[in-house]
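Some notes on the structure that comes next.
Here, each number is a calculation from the coordinates, and none is a lab measurement. It should be emphasised that the depicted structure is a prediction, and the values quoted were computed from it without experimental measurement. Counting neighbours? That spans all protein chains shown, and the Cβs are built from the backbone with ideal geometry, glycine included.
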Amino acid sequence: MKLLVTGSEGYVGAALVPMLEAAGHRVTRVDSLLFDGCEVRPLPGRSRVRRQDFRSIPESDLEGFDGVVHLAALSNDPLSNLDPALTHEVNHREAALFAQKVRSAGVPRFVFSSTCSVYGRQGDEMIDESATPNPVTAYGVSKLRAEGDIAALATADFAPVSLRFGTAYGWSDMVRFDLVVNNLVASARLDGTLRLNSDGRAWRPMVHVGDMCAGFLAALEAPSGSVSGEVFNIGRTEDNWMIIDLAREISRLMGDCDIQMPADAVTDTRSYRVDCSKAAMGLPAFAPSWSVERGIAQVVAKVWDLDEARLRSLFQGRIAHLLALRDAGRLTPDLRLVPA
């Protein structure tokens, strides 16, 4: 297939593009390059990237593609909380408008990157895609609304599908350290302590970035009738973990590091356990292969391979990077990059 990937140079895109190309697909990479310089090492083929915000892609540029993967977004709760109104604009309204352009351009498949954050506060019971969403953050709300508007675009010739990913972790060349596993591993490497922001009793469905990519590939290649207008939880049902247990596993692998939490720590309101069995039926080619234990071990090994100074620089995170761009006058209020 001839594919277009927005957000191609981000955490997931850096791992997804090589997987798509290895499967024989031709990929056009589109990215605003807002986080240029945050990569662990230079991403191959950067000269082939179309530097463009997805919000400004004209319909004519979408003609001739067999599928679009839409990764570009304000991609987590802390980043979204910087400006909730802008989060809804980018993640919901602009994403739905973009899907409309894709349909009008005659592209038959649209894969939307969504999140299990739409479930929000659920408790200890296992839930699936039929559960009533209960998002508690601007990020979760924006993705849920986008799912609905995008699914409503389905026709006999246009098959949109939304993938709800669990809490991401694992290594890519654009690794993020604002994700719980990656963050705790880096924290332990830098100062020997795992610092939790809560009491660690909240549940999270964990998904390795490699399995996220496998989900996208399966959604692109699945028959239209099995995915059009659908949502799928992506991950492994057995990989629902409490945050405290993730911390204990990381501590074990890193030499029994101390686990610290605030004296007044409370349970995070975002707590959900997710069943991923629907994907096994609707996406028959999807075969997740990363256990949490194996994935944590990968991150530990990669973090120890990094120079400490470089790790500290990367550990500062996306928000710090955006604030630096803003202070340098290189970022508009709606997060568009001003050329240097």
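Observations on the model:
- Fully extending the segment from residue 294 to residue 126, taken as 0.36 nm per residue of separation minus the present Cα-Cα distance, adds 58.1 nm.
- Sorted on the mean count of surrounding Cβ atoms within 10 Å across their residues, most packed first, peptides 309-316, 155-162 read 155-162, 309-316.
- Straight Cα distances below 15 angstrom link residue 302 to the aspartates and glutamates 39, 173, 293, with same-chain residues fewer than 8 positions distant left out.
- Backbone amide hydrogens, once placed in the peptide plane, bring residue 165 within less than 5 Å of 114, 115, 116, 234, excluding anything fewer than 5 places away on its chain.
- Proximal lysines to residue 143, defined as alpha-carbon separation beneath 19 angstrom and excluding residues fewer than eight positions away on the same chain: 101
- Förster radius 25 Å - calculated FRET efficiency between residue 248 and residue 136 (Cβ-Cβ, nearest 0.05): 0.45
- On Cα atoms only, tilt of 209-221 relative to the major axis of the chain in degrees: 20 degrees
- For the pair residue 332 and residue 305, the difference between a 0.36 nm per residue extended length and the Cα-Cα distance amounts to 6.1 nm.
- The local environment of residue 66, defined by Cβ-Cβ distances under 14 Å, has a net charge of +1 under the rule Lys, Arg +1 and Asp, Glu -1.
- Crossing angle, helix 243-253 versus the chain [Cα axis fit, 0-90 degrees, rounded to tens]: 70 degrees
- Per-q log10 I(q)/I(0), the chain, q = 0.07, 0.08 Å⁻¹ (Debye; single scatterer per alpha-carbon; no solvent): -0.27, -0.35
- Once the Cα atoms are used to define both axes, helix 317-327 deviates from the longest principal axis of the chain by about 70 degrees.
- On a per residue basis, the convex hull of the C-alpha atoms belonging to segment 239-289 measures out at 87 Å³.
- Backbone HN-Hα couplings from phi across segment 33-40 [Karplus 6.51/-1.76/1.60, Hz, Gly and Pro as x]: 6, 4, 10, 4, x, 9, 7, 5
- Cut-off 10 Å between beta-carbons: net charge of the residues surrounding residue 50, Lys and Arg +1, Asp and Glu -1: +1
- With a Förster radius of 51 Å applied to the beta-carbon distance between residue 190 and residue 285, the computed FRET efficiency rounds to 0.85.
- Inter-site label distance for residue 93 and residue 41 at 7 Å from Cα along Cβ, in nm: 4.3 nm
- Built from the Cα atoms of segment 280-325, the convex hull projects on average onto 5.7 nm², one quarter of its surface area.
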